[in-house]
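In what follows, a structure is listed as structure tokens, so that the remarks can point back to it.
The values are calculated or read from the model by the stated rules, or taken from the named source; none is laboratory data. This is a predicted model, so every value here is computed, not measured. Quick reminder, even Gly has a Cβ in these numbers, built from the backbone with ideal geometry, and neighbours come from all protein chains shown. Note: areas computed on protein heavy atoms with side chains; ligands, DNA, RNA excluded. Shrake-Rupley method; radii C 1.70, N 1.55, O 1.52, S 1.80 Å.
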Number of protein chains: 2
Amino acid sequence: MTLKLDKVNRGPHLSTLVASSISREIAQGRLMPGDQLPTEQQLAQTFGVSRNVVREAIARLRSEGRIWSQQGRGAFVADQPNATTLTIDYEALQQAAAFQSLFELRGILEVEAAALAAKRRTGDDLMTMKDALVTMRDAPYGSVMWLKTDLEFHKTVAAATGNLYMVQFLTFVSERVRESILASGNQQRSEDLAAVTLGEHQRILDAIEAGDGDKARDAMRAHLHGAANRVGLAGEQSE
Amino acid sequence: MTLKLDKVNRGPHLSTLVASSISREIAQGRLMPGDQLPTEQQLAQTFGVSRNVVREAIARLRSEGRIWSQQGRGAFVADQPNATTLTIDYEALQQAAAFQSLFELRGILEVEAAALAAKRRTGDDLMTMKDALVTMRDAPYGSVMWLKTDLEFHKTVAAATGNLYMVQFLTFVSERVRESILASGNQQRSEDLAAVTLGEHQRILDAIEAGDGDKARDAMRAHLHGAANRVGLAGEQSE
DNA sequence: ACTTACATGGTTATCATACAACACTGGTCT
DNA sequence: AGACCAGTGTTGTATGATAACCATGTAAGT
């Protein structure tokens, strides 16, 4: 029997819950930039935890740039929410709308990355992509090796753009998407899908190799559209 | 005298120092992925702080995905460093290649955002954009008010996509770009540029109002191309 | 031999309290 | 009015204690 246990034992840490709670207050506008947060004592009381836990939560929010605090005065909501880091709340992603938004964002980046890659790819890039496809062909659909190689293919496309931040952003977004998909756990397995997916990848590679940006864009768009269906994101209206 | 003080008043917080210190250990490879950190007691002793401070530092590192901890076992260095946050190093952006990459990334997002906004914008969105253009028209080119309104216009376009993360990502990227431009300080001032820039904005707005995605895409692309020239980023080959 | 139950030590998670450092307010004194 | 000063509230830090949990070893039971 294949037991399916929860992937992550979603942080039982109280400080995480408190931080998410405050974070939500800010996101939903109940705490406006510049506003002063309740005192640590009050927060501890309202949440029913010790002041210590509240402090850990605040330390976290401070590091994320969402709030700032000064000894003797208090803690305040930061004017520009995201100072130097960009954070995606895991809990928020459980909601369908958020997931769909993130998926769309990933689509935009991947599609344009494919187009840029077609223009700028080097011989080494092509080699790496081909290797990835070969490895994927031998791996069973949905296996760890398959997923890993799939990720590597896309990462190579991103790297082939020559854009230093494309890889960083795309892996970041893709990771979040992948987590959500795994968490929802509604992926089908089939031999046919393997062939279909491989074909999509192959077309992307062909277009990139040919240096045809528009074709690469279309191929990547088709691939992502197919992936969305495979995951169960049907309600997607493209232009 | 214009005093130029350190941008960030490097948090006097002890927890920040401890977190940075541990973070450095990880970055420099003295703590490898999977390694177990010293116990909180030991860390508190070696750093000469209370265990409470160590815990706040660990809470921060945990939220950054650098380490994970489990009750009864200990704290360990995470395998994949970037779990939930995305960071862009400020120093790295000083290099031209990095800046150009980020500018390109922003372009991709803005252009597609404009196209999506043309399809999905509401009446309120159009109102906000129009207000922004009026305000910008009255503000002197390059003034604080002008920059602020410019930012708001773009943010409204991003919001009009209905994509929950478009605003977040775009403001994040734009902020980094803006910082770099301000730091380099090579922007020209002129009355003509004000009119040109306003015209570009107007064309974007018109396309969005008309619901013409392709036109909005082109208008935004033209605007960014113009902005690149104004900032002195000439070497940009679009397909 | 193998499994189960229990005991023990070590670690994190949380709580509670106390004190120090700092900001703000209001009154007093000059 | 302006300077000084005490008082109060808040964050920052320290300290000790307790609960929950993991890992390991050992004894009891099968």
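Between copies, how close do the B:Gly29 label points come, placed 7 Å along Cα→Cβ, listed in nm from shortest?
Nearest first, the other copies' label points are 5.1 nm away.
In what order, largest first, do B:His201, B:His13, B:His225, A:His154 sit by accessible area if the probe radius is 1.4 Å?
Values: B:His201 0, B:His13 50, B:His225 75, A:His154 25 Å².
Final ranking, largest accessible area leading: B:His225, B:His13, A:His154, B:His201.
Quick one: label points 7 angstrom along Cα→Cβ at B:Ser143, distances to the other copies in nm, smallest first?
For B:Ser143, the other copies' label points sit at 6.7 nm, shortest first.
Counting only other chains, and only Cβ atoms inside 10 Å, what mean value do you get across the residues of A:108-120? Let's see the in-between values first.
Numbers: counts 11, 5, 0, 2, 7, 2, 0, 2, 3, 0, 1, 2, 1.
Across the residues of A:108-120, the mean count of other-chain Cβ atoms within 10 Å is 3.
If you take the square roots of the eigenvalues of the alpha-carbon gyration tensor of segment A:25-68 and sort them as a ≥ b ≥ c, do you get rounded (a/c under 1.5), prolate (a/b over b/c) or oblate? Don't skip to the answer; put the middle values down first.
On the way: a/c = 2.14, a/b = 1.38, b/c = 1.55.
The shape class here is oblate.
Below 14 angstrom from the Cβ of A:Arg55, what's the summed charge of the other residues (Lys, Arg +1; Asp, Glu -1)? Write down the numbers at each step before the final one.
Details: positive: A:Arg51, A:Arg60, A:Arg62, B:Arg51, B:Arg55, B:Arg60; negative: A:Glu40, A:Glu56, B:Glu56.
Summing Lys/Arg as +1 and Asp/Glu as -1 gives +3.
Averaged over B:157-167, how many beta carbons belonging to a partner chain fall within 10 Å of each residue's beta carbon? Don't jump to the answer; show the numbers that get you there.
On the way: counts 0, 0, 0, 0, 4, 4, 9, 12, 13, 4, 0.
Per-residue shielding by partner chains comes out at 4.
Can you tell me how segment B:91-231 classifies by the Cα gyration tensor, rounded, prolate or oblate, using a/c under 1.5 as the rounded cut? If you can, show how the numbers build up before the last one.
Numbers: a/c = 1.74, a/b = 1.25, b/c = 1.39.
Taking the square roots of the gyration eigenvalues as a ≥ b ≥ c, segment B:91-231 is oblate.
Gap in Å between the Cα centre of segment A:29-46 and the Cα centre of segment B:196-215?
Centre-to-centre distance over Cα atoms comes out at 41 Å.
Other chains' Cβ within 10 Å of A:169-180 residues: what's the mean?
That average works out to 3.
What are the label-to-label distances in nm, one decimal and shortest first, from A:Gly211 to the same spot in the other copies, with labels 7 Å along Cα to Cβ?
List, nearest first: 4.1 nm.
Around A:His13, what is the net charge, scoring Lys/Arg as +1 and Asp/Glu as -1 over all other residues with Cβ under 9 Å from its Cβ?
Values: positive: B:Arg62; negative: A:Glu56.
Every neighbour counted, the sum reads 0.
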